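Below is one structure, written out as structure tokens; the observations come after it.
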Amino acid sequence: MFNYLAVLTAAFLFLPGVSGYAETVTRPRPGPAGSWRVIGTVQANFKADHDTIVVRGANDDFRQLTFKVTDAPLNLRRVVVIYDNGEPDRLEVRQNIRKGGESRAIDLKGAGRRSLRKIDFWYETKGILQGKADVTVLGMK
């Protein structure tokens with residue numbers, strides 16, 4: 001006998017975007033020291049409260065991060081940066097970012113000398129009626 005409940009449960013657990021967070025892989029472009037470079041962009045939605053940007057390539061050393069928000073406001077709660085050596089940098093941000101705004105510049109450990117592996121960030125969207133927020137993570141070289 002076919003078990004529909006088991007199939008539905010398995011489909012729910014393994015569908016992309018249903019697991020509670022999304023993962024985006026990006027390759028930042030090169031730039032001179034002192035310039036802000038786009039690391040990656042994700043769309044914060046109402047299904048997730050956590051996104052991950054996986055950083056690949058040779059241009060992954062940054063001094064600071066900032067989060068630019070468009071289309072809807074966002075409450076950025078926490079950021080965890082994982083460096084290539086596996087060491088985490090846990091940053092409590094707790095900042096409300098208005099539509100069209102950006103976070104303060106967030107200093108990273110070992111400024112400019114450590115390569116990023118990934119950036120995890122947790123947030124709260126500010127209301128279903130305001131739409132989805134596009135979040136662009138920028139890094140200072």
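The values are calculated or read from the model by the stated rules, or taken from the named source; none is laboratory data. Note that this is a predicted model, so its numbers are computed, not measured. Glycine also receives a Cβ, built like all others from the backbone with ideal geometry; neighbour counts cover every protein chain displayed. Accessible surface is based on the protein model in full, side chains and every heavy atom, while ligands, DNA and RNA are left aside. Shrake-Rupley method; radii C 1.70, N 1.55, O 1.52, S 1.80 Å.
Scanning for something part of a loop (DSSP other than H, G, I, E, B), open to solvent by less than 40 Å² (accessible area, probe 1.4 Å), in contact with a Lys or Arg (Cβ under 8 Å, 6 or more places away or on another chain) and modelled with pLDDT of 90 or more, does segment 9-32 turn up at least one residue?
No, segment 9-32 contains no residue that is part of a loop (DSSP other than H, G, I, E, B), open to solvent by less than 40 Å² (accessible area, probe 1.4 Å), in contact with a Lys or Arg (Cβ under 8 Å, 6 or more places away or on another chain) and modelled with pLDDT of 90 or more.
Which residues, taken from segment 81-104, are more than 15 Å from the chain's Cα centre (by Cα), on the phi < 0 side of the Ramachandran plot and open to solvent by less than 70 Å² (accessible area, probe 1.4 Å)?
Gly101
Within segment 97-110, is even one residue touching a residue at least 60 places away in the same chain (Cβ under 8 Å), assigned to a strand (DSSP E or B), more than 19 Å from Arg27 (Cα to Cα) and in contact with a strand residue (DSSP E or B) (Cβ under 6 Å, 6 or more places away or on another chain)?
Scanning segment 97-110, I find no residue that is touching a residue at least 60 places away in the same chain (Cβ under 8 Å), assigned to a strand (DSSP E or B), more than 19 Å from Arg27 (Cα to Cα) and in contact with a strand residue (DSSP E or B) (Cβ under 6 Å, 6 or more places away or on another chain), so the answer is no.
Considering only residues that are open to solvent by 40 Å² or more (accessible area, probe 1.4 Å) and of a type in the set (Val, Ile, Thr), which ones fall in segment 43-80?
Thr70, the sole residue that qualifies.
With respect to Glu124, determine if the residue is among the charged types (D, E, K, R), assigned to a strand (DSSP E or B), at pLDDT below 90 and surrounded by fewer than 18 Cβ atoms within 10 Å (Cβ to Cβ).
It is true that Glu124 is among the charged types (D, E, K, R), assigned to a strand (DSSP E or B), at pLDDT below 90 and surrounded by fewer than 18 Cβ atoms within 10 Å (Cβ to Cβ).
From the residues in segment 105-120 that are open to solvent by 30 Å² or more (accessible area, probe 1.4 Å) and out of contact with any Gly (no Cβ under 8 Å at 6 or more places or on another chain), which one is nearest to Lys68 (Cα to Cα)?
By that ranking, first place goes to Ala105.
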